[in-house]
Every structure is written in structure tokens, then in C-alpha cells.
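For reference, the structure discussed in these notes is given below.
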Amino acid sequence: MSEISTQDSLSRKEREKRSRQQDILKAARELFVSKGFRETTLDEIAHHAEFGKGTLYNYFASKEDIFHAIIDQSIEDSLAIARESVEADGGLREKLSLLARKTIRYIWENGELLHAIYHELHRAGSAEATRFRDIIKRASGMWGALAGLLQKEMNEGRIRPCDPEQYVILFDGMVRGYCFKKFALEESGSDEEFAQAAELIVSVFLDGITERNSKG
């Protein structure tokens with residue numbers, strides 16, 4: 001077999017491996033949402049993914065490994081949203097609007113799964129404490145990208161000097177607070193609604209809620 005055909009074969013196998021991993025993760029996500037992490041068994045995940053349990057073990061050593069892989073995927077999704085927004089064309093207002101809009105849509109599309117993850121992490125015992133801190137640290141990478149952008153704006157005198165991470169915490173809290181209230185009460189959502197909410201959040205964050213002609 002030639003070197004090129006060997007590379008093609010390995011590439012195909014890798015694609016097949018990743019496809020099966022995603023099938024397993026998709027099945028697990030659906031079960032974790034409908035039944036809960038602790039109530040779901042590996043047998044059920046394998047059956048739902050239409051694999052034998054032995055096949056499942058070729059990709060994940062345990063149910064906990066699957067759960068952690070789902071968390072890692074969620075973190076990577078959030079980091080990708082932050083990077084794309086910060087690197088997009090436009091100024092600070094446009095970048096923040098894009099970030100808010102993308103985050104709102106992501107939470108709307110994955111809200112039940114995110115709730116299941118948070119619920120299980122809060123139920124976790126001390127043995128999971130180190131893992132939980134690692135998750136928080138990695139998720140904060142999203143804040144780092146935005147903090148850098150805000151620091152640049154401060155250096156150029158366009159926004160009030162402050163610890164940029166404090167600004168990020170406030171902005172992130174506004175976005176997630178909106179999602180928590182909105183999606184807890186309603187199941188519907190639209191791109192137009194998300195865009196309007198993003199614009200309002202960014203306006204309040206950058207401009208405040210006091211009318212300009214009323215500011216002293």
C-alpha cells in the first residue's frame with residue numbers, strides 16, 4: 001500500500017471515529033436532558049446511539065468521561081463564539097452585539113442541556129471539586145478574549161478605566177440573566193428577538209439607562 005493510500009485510510013478511520021464519538025455524545029446529551037445524568041446508564045446510552053456497549057467502551061471509559069466530553073464541547077462552543085465575535089469587523093459596540101446575539105441563540109438552542117450540566121455539577125461531591133474548578137478556569141478563557149478587547153478600548157480612552165474582567169463579568173451576567181428569565185418562561189424565540197435583546201443589553205452596558213439630556 002502506498003503512503004498516500006495509507007494516509008487516506010487513516011483519515012477515513014479518523015473521520016469514522018469522530019462520527020461515532022459524536023453519535024454517542026448526541027445520544028448521551030438527549031438522555032441526560034430527559035432523565036438526568038445520574039439516572040442514565042451506559043447501557044441506555046449505547047442502545048440510544050445504536051451501538052453495543054462494548055463499542056461504546058472503545059471511545060469512552062465511563063459515563064463520567066462522556067459527561068466531561070459534553071462539558072468540554074460546550075466550553076469549546078463558547079470559546080469559538082467569543083473568538084468569532086472579538087475578531088469580527090466593526091467597533092466595540094458591533095462586536096459586543098454579535099457576542100450577545102450568538103450567546104443568546106446558543107443558550108436558547110442548548111438551554112436544557114446546560115441546565116442539566118449545571119445541576120449535576122452543583123450536586124457533585126468533593127471528589128469533583130478539582131474538576132469543577134478546572135471547568136470554571138477553562139470557561140473563563142472566553143472572558144479573556146473579551147477582556148483584551150475592553151482593555152484596548154480603555155487604553156485608547158473610549159471607556160472608563162476599570163478592571164476589564166469586572167466589565168466582562170457584568171456583561172456576561174446581563175446576557176445570561178436575560179436568557180434565564182426569558183427562556184424559563186417561554187419556549188419560543190426568533191433571530192429578530194435575539195437581535196433586539198442584544199442591542200438593548202449592549203446599549204445599557206455601554207450607555208446606561210439614563211437619557212443623555214438628563215445626565216448631570
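The values are calculated or read from the model by the stated rules, or taken from the named source; none is laboratory data. Source: prediction; values computed, not measured. Neighbour counts run over all protein chains shown; Cβ positions are idealised from the backbone, glycine included.
Looking at segment 49-63, which of its residues are surrounded by fewer than 18 Cβ atoms within 10 Å (Cβ to Cβ), within 20 Å of Glu120 (Cβ to Cβ) and not polar (S, T, N, Q)?
Within segment 49-63, Ala61 is the sole residue that qualifies.
Of all residues being of a type in the set (A, V, I, L, M, F, W, C) and outside any helix (DSSP H, G or I) in segment 41-56, which is nearest to the chain's Cα centre (by Cα)? Just the residue, please. Talk me through it step by step, then tell me what you get.
Within segment 41-56, the first condition is being of a type in the set (A, V, I, L, M, F, W, C), and the residues that meet it are 42, 45-46, 49, 51, 56.
From what's left, outside any helix (DSSP H, G or I): 49, 51.
Numbers: Ala49: 23, Phe51: 28 Å.
The extreme case among them is Ala49.
Looking only at segment 10-44, count every residue that is among the β-branched types (Val, Ile, Thr) and surrounded by fewer than 16 Cβ atoms within 10 Å (Cβ to Cβ) and tell me the total. Full working, then the answer.
Going through segment 10-44, the residues among the β-branched types (Val, Ile, Thr) turn out to be 24, 33, 40-41.
Add one more test, that the residue is surrounded by fewer than 16 Cβ atoms within 10 Å (Cβ to Cβ), and what stays is 41.
The qualifying residues number 1.
Is it the case that Glu109 is modelled with pLDDT of 95 or more and not assigned by TED's automatic domain parsing to the domain that holds Leu25? I'd like the intermediate steps shown before the answer.
Working: modelled with pLDDT of 95 or more: no; not assigned by TED's automatic domain parsing to the domain that holds Leu25: yes.
Answer is no for this residue.
Those residues that are surrounded by fewer than 21 Cβ atoms within 10 Å (Cβ to Cβ) and within 15 Å of Ala147 (Cα to Cα), I need them from segment 84-94; list them, please. First the steps, then the outcome.
At the first step, the residues of segment 84-94 found to be surrounded by fewer than 21 Cβ atoms within 10 Å (Cβ to Cβ) are 84, 86-94.
Glu84, Val86, Glu87, Gly91, Leu92, Arg93 - these are the residues of segment 84-94 that are surrounded by fewer than 21 Cβ atoms within 10 Å (Cβ to Cβ) and within 15 Å of Ala147 (Cα to Cα).
If the requirement is being touching a Leu at 6+ places or on another chain (Cβ under 8 Å), surrounded by 14 or more Cβ atoms within 10 Å (Cβ to Cβ) and not in a loop (DSSP other than H, G, I, E, B), which of these qualifies: Ala69, Ala100? It would help to see each step written out before you state the result.
On the way: Ala100 fails: touching a Leu at 6+ places or on another chain (Cβ under 8 Å).
Exactly one residue qualifies, and that residue is Ala69.
Which members of segment 59-85 meet the condition of being under 21 Å from Leu200 (Cβ atoms) and of a type outside the set (Ser, Thr, Tyr)?
Once the filter is applied, which keeps residues that are under 21 Å from Leu200 (Cβ atoms) and of a type outside the set (Ser, Thr, Tyr), segment 59-85 yields Ile81, Ala82.
Can you tell me which residue in segment 14-68 is nearest to Tyr118 (Cα to Cα), limited to those that are of a type in the set (Lys, Arg) and at pLDDT below 90? First the steps, then the outcome.
First pass over segment 14-68, keeping only residues of a type in the set (Lys, Arg): 15, 17-18, 20, 26, 29, 35, 38, 53, 63.
From the residues that got through so far, the ones that are at pLDDT below 90 too are 15, 17-18, 38, 53.
Details: Arg15: 31, Lys17: 28, Arg18: 26, Arg38: 13, Lys53: 27 Å.
Only one residue tops the list, namely Arg38.
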